[in-house]
């Protein structure tokens, strides 16, 4: 701001007093600015920016964050930041550093088979202490992979399970079993997603390919997935969860009565009882 100084002020020696007053007012204004900044932005309060400018920059940061889009290449922290800024988004996954957003789900080709698998897993979990089951949890595998599988079955950490819960309540690390319904995303579920699961050490991966009327159940051996084969009765038996038996044909045809009868036979088997004892002993050892 330019101030006209009267000639008398120059000659009378009032100039020095006037300049001192100006400096005092400027310093007072700086103090006021800093106090406002300290209240509004305690971590960033400096005289280099006014409160209005600081507030504007923070609003821009939250309101102009780019939305998630199919095909975005991100690392997990940025993926989570954008995901959290989209509260209306139901499901998105980061697979090998690429964003995949779910399309609307059909009843016959996703919701119904999903319900059958979850019923099967839920009955097993109810009969097996120290085993937990979840539907579409967020699973953090590594910097490039954060997925929401259709279902997971895991051993509790107290009994030797590999996955843990973060402070935010997300799963971190590899659940023992992951299941997926591949109605319209078979290429993803059998390609990049399968590789991510294998590399992260997920011990078993079951995928129901609805259009092909096929269920594949993979087991991790020597760093690679091999297919678990059905026995003469058409039943596949888990290697990680003794007693988790699946009549594949019955599941595909919606014969849940048969599916649950076979599962109950597995739950009543000697191997399942031994598994329960092992889990309980591991928990007791952890408690000690």
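Run the numbers for residue 249 and residue 213: contour at 0.36 nm per residue of separation, minus the present Cα-Cα distance, in nm. List each step's numbers first, then the result.
Details: separation 36, 0.36 × 36 = 12.96 nm, distance 0.93 nm.
This chain segment gains 12.0 nm when fully extended.
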- Note on the structure: The simple spin-label model distance between residue 274 and residue 127, using points 7 Å out along Cα→Cβ, in nm, is 1.8 nm
- Residue span residue 103 to residue 260: 0.36 nm per residue of separation minus Cα-Cα distance leaves a gain in nm of 53.4 nm
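Please report the equivalent ellipsoid semi-axes of the range 103-287, computed as sqrt(5 x eigenvalue) of the Cα gyration tensor, largest first, in whole Å. Working shown, then result.
Values: eigenvalues 112, 96, 44 Å².
Here the semi-axes work out to 24, 22, 15 Å.
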- Task: With no solvent and one equal point scatterer placed on each C-alpha of the range 203-273, evaluate the Debye formula and give log10 I(q)/I(0) for q = 0.14, 0.19, 0.20, 0.28 Å⁻¹, two decimals.
- Result: -0.44, -0.79, -0.86, -1.32
- Put a dot 7 Å past each Cα toward the Cβ at residue 96 and residue 240; how far apart are the dots in nm? 2.1 nm
- Contour excess over end-to-end distance, with Cα ends at residue 73 and residue 229 and 0.36 nm allotted per residue: 52.5 nm
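Values quoted throughout were computed directly from the atomic coordinates according to the rules given, and no laboratory measurement underlies them. Computed from a prediction, not measured in an experiment: that's the story for all the values here. All Cβ positions, glycine included, derive from the backbone under ideal geometry; neighbour counts span all protein chains shown.
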